[in-house]
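Below is one structure; the comments refer to it alone.
The values are calculated or read from the model by the stated rules, or taken from the named source; none is laboratory data. All figures in this text were calculated on a predicted structure; none of them were measured in a lab. FYI the Cβ positions are ideal-geometry reconstructions off the backbone, even for glycines, and counts take in every protein chain you see.
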Amino acid sequence: MAAENKITDLEIAKNNHQLELKLSATNQADASFYTLRGDNIIEANILNTSLDLPEGNSFKQDNPMAGVKALEINQIDNEHTQILISTEANTPVKSLFKQEGDDLILTLNRVTKADTLKQEIKELGQKTVTNLKQTYKSALGQSKDKDNEKTSLDSDKGDADSDVLIPNPEVVIDDNRVNDIKERVFTAQDSETELNDSTAPATLPRAAAPPVGDMAVSNINTMPDMVDLGSSALVSNLVLRDAPVREVLSMLAKTANLSLVYADGDKTGDQASQANGNEETGPTISLDLDNQPVQEVFNSVLLISGLDANRRGNIIYVGEQLPAQARNLVSRTIRLNQVTAENAALYLASQGAKGKRLTNEVEEIIDPETGKVVQRKETSPELSDLDGGSEDETGTTALMLKGLQVSTDGRLNAITLVGEPRKVEVATSFLTQLDARRRQVSVNVKVIDVNLLNQDTANSSFSYGVNDTYFLQDGGSASLNFGGENPGLRDNFTFRPVGPENEKTTTQIIDGDATVIRDTITIPKPSDLPDKFLALIESRITSGNAKVLTDPTLTVQEGQQATVRLVQKIVETVKTELDGDSGARTITPVLGEAGLVLTVNVDRIDDNGFVSMTVSPSVSSIGATQSFESGGGARNTLNLLSKREVSSGLIRLRDGQTLILSGIIQDQERTNVSKVPILGDIPLLGSLFRSTDKTNERAEVIVLLTPEIVEEDAGLASNFKPSKESREMLQKQGVGALGK
């Protein structure tokens with residue numbers, strides 16, 4: 001089909017920063033055009049227009065102006081002319097395409113840095129003046145009451161001036177007063193007590209939406225099957241009003257030298273009586289077409305009327321619901337890898353598919369003593385209907401798989417699709433998307449138990465003696481002794497007599513005479529203690545340490561849960577049972593767990609590298625013990641557990657990001673003070689007569705959590721780094737080199 005408009009001549013006019021392309025055309029109809037912009041490309045498309053230049057059907061000019069590499073004009077087809085402009089990188093160029101009479105004018109303006117700076121200054125000035133005006137009006141809002149009083153006094157004069165044709169001129173703020181006005185505005189904003197106008201704009205931060213990551217998108221072509229008539233004939237002109245669809249399809253089939261078999265749908269009641277009374281039965285359609293292929297017209301009538309059609313040889317079968325023998329059906333069985341066949345069938349049912357599903361229930365036999373599964377038995381398979389959703393009475397619901405038959409096999413995790421080839425292809429594309437693997441994450445968890453035991457001890461001890469007077473201060477206790485002896489202190493000395501005073505023992509251990517040397521040993525009295533000043537000031541600070549309780553690395557799949565238990569069984573309580581008949585008493589210990597329990601639940605791993613998970617660490621240890629009588633003369637001792645646990649809730653971490661969970665703190669503080677009365681209360685000097693022992697016990701559990709998404713191609717799906725001895729043993733067993 002030839003274009004109605006022709007471009008016969010062109011003119012190019014340019015100056016420093018502007019280029020104007022003028023296209024002279026012979027227009028028999030209005031020209032349609034549109035413009036597209038790329039990074040360094042400006043594309044102008046003129047529809048229903050051909051190119052008829054003296055130079056031929058194309059035109060090209062290199063470097064027509066500064067910033068433009070090339071200007072090309074080409075005729076794409078008989079009805080389409082394209083103007084392509086290539087610009088230099090980082091050179092902004094504005095374009096304007098317009099029509100003046102029979103001429104098409106394309107104007108290009110190169111934006112210089114000076115123009116950009118002027119535009120930015122202009123926009124900044126306009127924005128500044130607007131903000132100043134708005135703030136200035138808000139700051140002067142209190143003067144409205146005074147203005148209203150003045151207006152009421154001059155109301156008569158105002159009525160007389162209401163017929164003035166020229167209103168008062170607008171007040172413009174002079175540039176040299178901007179700084180003065182700004183100072184007044186800012187002063188008014190700071191004086192909150194002076195501004196009570198509720199209309200003043202609130203200075204609140206602008207609302208910001210949370211960040212949104214990139215989303216994986218997959219498109220599926222859902223166009224239905226088209227009937228291939230095998231003809232390239234054109235329908236030059238066809239105008240029909242309320243024509244029966246059957247007659248229209250028959251006429252179009254004859255145009256393509258094909259035969260048509262049409263089957264009416266089942267009709268009952270009033271619809272059947274109306275059909276018997278009319279010769280032209282069935283749905284009707286209106287057409288107004290020019291120069292369209294007969295195959296496209298035939299398929300358009302099928303689409304708009306909702307009829308099914310299938311061609312076999314030279315015969316086309318058409319009906320509202322064709323029987324299976326007249327349809328083009330294929331069967332395809334797919335064994336799924338990740339998604340279960342039942343879930344996949346339910347998803348296809350939401351798109352309009354129907355069918356049957358085969359389900360096998362598994363019966364588990366559990367040992368009542370251990371609570372473990374000892375045997376699994378499959379019950380007889382059952383066949384249930386696969387509902388495709390509610391019926392679409394209006395026919396407007398987008399059910400792309402309507403008419404597709406689906407059946408499943410739970411044992412093989414297979415799904416069978418039966419239907420038209422196009423619908424089977426669409427269903428297969430859906431299943432390909434559903435069968436994506438679930439990601440796995442390697443979670444490294446470090447649980448650190450920090451024992452912050454701080455003990456501050458301050459103590460002083462000194463003594464002094466003069467003649468028979470002795471003074472002693474030790475640990476906040478003072479002793480003063482007068483006289484040579486202190487019977488109270490002598491009781492503190494405990495000794496065992498060596499023997500009777502007149503007892504003599506002689507043992508000959510060497511030959512010859514020996515000389516016996518005798519001496520007397522006496523116990524010192526308090527008055528014999530040193531008479532010098534002796535002093536000792538003691539200050540001691542004791543700190544605790546930290547130790548890593550566990551450092552496991554867990555590989556968890558999305559939607560699954562992993563647990564680490566490093567516990568020891570202890571007797572937490574006892575259960576006492578008394579037999580009423582025999583009176584026998586049975587005492588059964590109830591065991592508890594002391595140690596570390598860590599649970600990691602991975603909720604989701606998204607496509608942007610974020611891991612949503614829940615962490616629940618629990619640390620328990622044996623605290624105090626408690627004894628009690630359980631009856632019958634029996635006495636039991638129980639271990640009391642000291643437990644610290646936290647649940648993080650659902651948190652989101654980036655791949656490789658470390659989260660620190662702390663705050664599981666147990667804090668105890670004790671202070672013991674011993675002092676000499678009166679003397680210990682003296683400022684500064686009283687510390688010599690006072691002993692202070694301050695103990696601060698602080699136990700804190702810190703959890704470090706680092707997730708790393710496991711790559712499918714990685715050789716080892718874990719970042720675990722064993723010790724040197726373990727690594728050597730694993731290598732001997734044939735395991736590859738682990739983290740070195």
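Just one of the listed residues (Asn63, Asn27) is in contact (Cβ under 8 Å) with a residue 40 or more places away in the chain and touching a strand residue (DSSP E or B) at 6+ places or on another chain (Cβ under 8 Å), and it is Asn27. Within the range 283-314, the residues that satisfy the criterion of being under 14 Å from Asn237 (Cβ atoms) and not in a strand (DSSP E or B) are Val294, Val297.
Scanning the range 320-375 for residues that are part of a helix (DSSP H, G or I) and of a type in the set (A, V, I, L, M) gives Ala324, Ala326, Ala341, Ala344, Ala345, Leu346, Leu348, Ala349.
Within the range 324-340, the set of residues being within 21 Å of Phe430 (Cα to Cα) and of a type in the set (Lys, Arg) comprises Arg332, Arg335.
Report whether or not Leu659 is under 41 Å from the mean Cα position of the chain (by Cα), at pLDDT 75 or above and among the hydrophobic types (A, V, I, L, M, F, W, C). Against the criterion (under 41 Å from the mean Cα position of the chain (by Cα), at pLDDT 75 or above and among the hydrophobic types (A, V, I, L, M, F, W, C)), Leu659 qualifies. Looking at this structure, is Asp228 modelled with pLDDT under 80, in contact with a Lys or Arg (Cβ under 9 Å, 6 or more places away or on another chain) and assigned to a loop (DSSP other than H, G, I, E, B)? Answer is no for this residue.
Matching residues to (1) surrounded by 13 or more Cβ atoms within 10 Å (Cβ to Cβ); (2) touching a helix residue (DSSP H, G or I) at 6+ places or on another chain (Cβ under 9 Å):
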site	(1), (2)
Asn299	yes, no
Asn328	yes, yes
Val339	yes, yes
Leu346	yes, no
Lys377	no, no
Pro381	no, no
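Filtered by the rule that a residue be under 39 Å from the mean Cα position of the chain (by Cα) and not hydrophobic (A, V, I, L, M, F, W, C), the range 358-375 gives Thr359, Asn360, Glu361, Glu363, Glu364, Gly371, Lys372. In the range 25-53, which residue that is hydroxyl-bearing (Ser, Thr, Tyr) and exposed (fewer than 15 other Cβ atoms within 10 Å of the Cβ) is modelled with the lowest pLDDT? Ranking the candidates gives Tyr34 first.
Among residues of the range 590-615 that are of a type in the set (Lys, Arg), those with a beta-carbon under 8 Å from a residue that is exposed (fewer than 15 other Cβ atoms within 10 Å of the Cβ) and assigned to a loop (DSSP other than H, G, I, E, B) at least six positions away or on a different chain give the pairs Arg604/Gly559.
Only one of these is surrounded by fewer than 15 Cβ atoms within 10 Å (Cβ to Cβ) and in contact (Cβ under 8 Å) with a residue 24 or more places away in the chain: Ile334, Ile315, Ile415, Ile365. Name it. Answer to the check: Ile315. Would you pick out the residues in the range 28-74 that are farther than 18 Å from Val111 by Cα and not in a strand (DSSP E or B)? Within the range 28-74, Gln28, Ala29, Asp30, Ala31, Asn48, Asp52, Pro54, Glu55, Asn57 meet the criteria. Of the residues that sit in the range 418-436 and are small (Gly, Ala, Ser) and surrounded by fewer than 19 Cβ atoms within 10 Å (Cβ to Cβ), which one is farthest from Leu322 (Cα to Cα)? Residue satisfying both the conditions and the ranking: Ala436. Scanning the range 255-271 for residues that are surrounded by fewer than 11 Cβ atoms within 10 Å (Cβ to Cβ) and assigned to a loop (DSSP other than H, G, I, E, B), we see that the one that is modelled with the highest pLDDT is Asp266.
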